[in-house]
Structure formats: structure tokens, C-alpha cells
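Below you'll find the structure, written out as C-alpha cells, and then a few comments.
Any read-out appearing in this document is the output of simple, stated calculations on the displayed coordinates, not a laboratory observation. On a predicted model such as this, the values are computed, not experimentally measured, just so you know. Here the Cβ is made from the backbone with ideal geometry for all residues, glycine too, and neighbour counts use every protein chain on show.
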Amino acid sequence: MKVKEIMKTNVITAHEDESIREVTLRLREKKITGVPVLNDNGEVVGVFSETDLLNRLPDILNDADKIPLVDVKELTDPPVKTVMSSPAITVTPDTDIKDVAKIFLYKYIHRVPVLEGDKLVGIVSLGDLLKAFSES
């Protein structure tokens with residue numbers, strides 16, 4: 001089975017200059033856990049996920065004693081490009097889903113943008129993959 005058979009084509013994205021807060025609110029609103037991050041040319045430059053936000057916490061907590069009053073708003077003001085996973089691991093529509101499973105397993109990720117050339121055409125998540133395997 002190929003990625004094009006299971007990918008979602010209505011992809012929610014973020015721009016690399018959007019704040020961490022804005023993108024995190026979008027994740028909550030759309031009930032998703034990560035998004036591809038695009039630059040001004042519409043190219044995928046990374047992926048931002050809840051894990052990327054959690055990975056930022058040790059830095060924040062280590063510096064908390066240096067910040068008189070920790071303001072969550074200030075901590076989430078930086079652009080998402082400062083914490084996203086980059087470069088993005090991507091696949092094509094013709095990638096076999098078994099290969100995607102290996103990527104998820106060995107790279108410890110839960111979603112991959114699907115590209116045709118440099119153009120974002122879809123996304124496959126761990127949930128999409130598990131659904132495909134359970135239905136085959």
C-alpha cells in the first residue's frame with residue numbers, strides 16, 4: 001500500500017515566523033498534535049509538534065530562576081522556527097507505508113509531510129498508518 005492511499009490532503013500548516021503560542025493554539029483548536037512548518041516560498045522547512053514544545057521546557061525551567069516572574073506568554077512568543085524539528089523528514093505519495101512505519105519507529109516521530117518535488121501535497125500520521133494496517 002502506498003502513502004497516496006492513506007494520506008490526508010487537507011493539511012494544516014504553520015509559517016516559520018508564527019509564534020509558538022499561535023501554533024500551539026491551532027493544534028488545540030484543530031485537535032492535532034503537529035504541523036508542517038512552511039517558509040515564505042511555501043517550502044516545508046520543519047515540523048512542529050507538542051513534543052517540540054515539551055522539549056523546550058527544560059531550557060525554560062533551567063532559566064526560571066533568572067526570570068523574575070515567569071510569564072508563559074513571553075516564553076511562547078518566539079517564532080516556531082526556534083523549536084521545530086528541522087529539517088523535516090518527508091516522504092512521497094509513492095512511498096510504501098511499510099517504509100513510513102520504519103521511519104516512525106527509528107526516527108521517533110509521529111507524522112511525515114508528503115511532498116511531490118518541493119510541494120506539500122499531504123501528511124501521514126501514526127494514526128493514519130495504524131488505521132491502514134488494521135484494515136488490511
Inset, instruction - For each of Asp52, Asp118, count neighbouring Cβ atoms within 10 Å of the residue's Cβ, then give the residues from fewest to most. - result: Asp118, Asp52
Legend entry - Computed FRET value (nearest 0.05) for Ser134 with Ser86, which takes r as the C-beta separation and R₀ as 25 Å: 0.20
Inset, instruction - Excluding residues fewer than 8 places away in the same chain, name every one of the lysines whose C-alpha is closer than 16 Å to that of Lys30. - result: Lys8
Inset, instruction - Give me the angle, in degrees from 0 to 90, between the Cα long axis of helix 126-135 and the longest principal axis of the Cα atoms of the chain, rounded to the nearest 10. - result: 30
Legend entry - Rounded to 10°, Cα long-axis angle of helix 50-62 versus longest principal axis of the chain: 20
Legend entry - Mean residue ellipticity (222 nm) of the chain, computed from DSSP H runs ≥ 4 via -39,500 (n - 2.57), nearest 500: -10500 deg cm²/dmol
Legend entry - Calculated FRET value between Tyr108 and Ser19, using beta carbons and R₀ = 41 Å, to 0.05: 0.95
Legend entry - On Cα atoms only, tilt of 97-107 relative to the major axis of the chain in degrees: 30
Inset, instruction - Scan (i) 2, 11, 22, 25, 22, 13, 4, 1; (ii) 2, 11, 15, 13, 10, 9, 7, 6, 5, 4, 4, 3, 3, 2, 2, 2, 1, 1, 0, 0; (iii) 2, 10, 19, 21, 18, 12, 8, 5, 3, 1, 0, 0 for the value of P(r) over Cα pairs in 5 Å bins from 0, in percent calculated from this model and give just the label. - result: (iii)
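Report the FRET efficiency, 1/(1 + (r/R0)^6), for Asn55 and Asp99, where r is their Cβ-Cβ distance and R0 is 25 Å, rounded to 0.05. Spell out each step's value before the answer.
Details: r = 26 Å, r/R0 = 1.04.
In this case the efficiency is close to 0.45.
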